[in-house]
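I have placed the structure first, in the form of structure tokens, so that the comments after it can refer back to it.
Every number in this text was worked out from the coordinates using simple rules, so none of it is lab data. Small disclaimer: the values here were computed from a predicted structure and weren't measured. Every residue, glycine among them, receives a Cβ derived from its backbone with ideal geometry; neighbour counts consider all protein chains shown.
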């Protein structure tokens, strides 16, 4: 089966054919480290984490590069407010990034360069652009000339003649064209600076990704990714300066994920709906957030609403409860250790993922398989025979294999339910266990009224009891 990806540059789905057979180079724009990451960052990171996982599951040797922007106007302003130097501030938020993304099960990239580590390469690229007539010096700054590149605007589907300086593009009398963008800006007092042939200063934001992708993947590579908000001007400018400086095609496939809103509103600190990953993790388990962020197609918009997240949480609970139920019924594994890679379920899962990373459809297949497994267990009134146990264990292994691609189902059921209980202030696991023990004693004494009263008390706390051959287990009623 061939992976098909929607290529923003061509506005069509295309068969993915890498430059080098069996190998894939992918570059994704990382975060600017001046604040904690929000759920929009989480969506983008998870989308490309899953893309990399899927490529590797298909047997590709993937080199994944994701950068950190550690020098930028926002970092400088935040450093001034906090009284810290920009380097210290950046390091603190890089550490926070790893904490947040690690909690969500996002794998580290193979290479994670920082912009400040590649200043020399940026100066070299600027010199090359000047030499080839694609850049010019204006005062103490250096600009890229968009009119020098005929392909400018093709990636984002814009025409240069129709573009005008707007609110996002500063009008500058030093520019030859309003859309020209800065490659090197002169340092202001108190700002970080590096020496260059054009005077002390720092690089423009767009330049860093061109230099770092070229350094680790070469002038032409397979996939460039990022959020849709980066398509213009950032990715358009990246492409222009890279092609003009290095020649070649730059990125062959451009993959962009859609925006995230909160309760149908654009995230904004002024609206009070700016949801960081850290805040979200105070209310939801990491796997719940991950499942939710993968529940819709990556290219479309995604609205973060509590009701939708809770609905996905209930689905995840059902999956873990199914695994827990199997543990109770089997006692031990019936001897199946590997998923059947040729199974109809896994074949359909891969087909969904190959169709432009259709994670929503793939998750739907998992829910369907879990319902089938529970129907089999419900029907086995007289106990499960060996053949049925083996079939169910194969199903579980196949779901876990699919979960490795999605980054889901990483916990033991008992740990999952314990962590779920920990998130709810009304739940005290020790109290629950004590009540369950009291109920057990009441039942052993045939004091059914007392046992029922304890069950009702727990039900009022939002706890569901399930009696099985291996004792009584509990879960949250979600």
By average C-beta atoms within 10 angstrom, highest first, the peptides 229-238, 74-83: 229-238, 74-83
Inter-site label distance for residue 57 and residue 432 at 7 Å from Cα along Cβ, in nm: 3.0
Length-normalised contact order of the stretch 4-257 in % [C-alpha pairs under 8 Å, at least 6 apart]: 24
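Of all DSSP beta bridges in the chain, what percent run antiparallel (nearest 5)?
55
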Centroid-to-centroid separation of the stretch 1-73 and the stretch 210-267 [C-alpha atoms, Å]: 10
Residue 265/residue 92 FRET efficiency (R0 30 Å; Cβ-Cβ; nearest 0.05): 0.55
Peptides ranked, highest mean first, by Cβ atoms within 10 Å: ranges 27-40, 344-357: 27-40, 344-357
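How much length is gained on full extension from residue 19 to residue 117, taking 0.36 nm per residue of separation minus their Cα-Cα distance?
Computed gain between residue 19 and residue 117 is 32.5 nm.
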Segment residue 368-residue 108, length gained on full extension (0.36 nm per residue, minus Cα span): 90.5 nm
Value at 222 nm in deg cm²/dmol, rounded to 500, when DSSP H runs of n ≥ 4 in the chain each add -39,500 (n - 2.57): -14500 deg cm²/dmol
Shape category assigned to the stretch 190-336 from the gyration tensor of Cα positions, a/c cut at 1.5: prolate
95, 134 arranged by Cβ crowding within 10 Å, fewest neighbours leading: 95, 134
Nearest-ten-degree value, helix 119-131 long axis tilted from longest Cα axis of the chain: 40
For the stretch 424-476: relative contact order, % (alpha-carbon pairs under 8 angstrom, 6 or more apart): 25
Answer label for percent of Cα pairs over 44 Å apart (calculated), chosen among [x] 59; [y] 26; [z] 53: [y]
Separation in nanometres of the label points that stand 7 Å from Cα toward Cβ, at residue 77 and residue 229: 1.3
Angle in degrees between helix 73-82 and the longest Cα principal axis of the chain, rounded to the nearest 10: 70
Angle between the chain longest axis and helix 386-406 axis [Cα atoms, degrees, rounded to 10]: 20
For peptides 391-401, 187-197, 148-158, sequence by mean Cβ density within 10 Å, most packed first: 391-401, 148-158, 187-197
Length-normalised contact order of the chain in % [C-alpha pairs under 8 Å, at least 6 apart]: 16
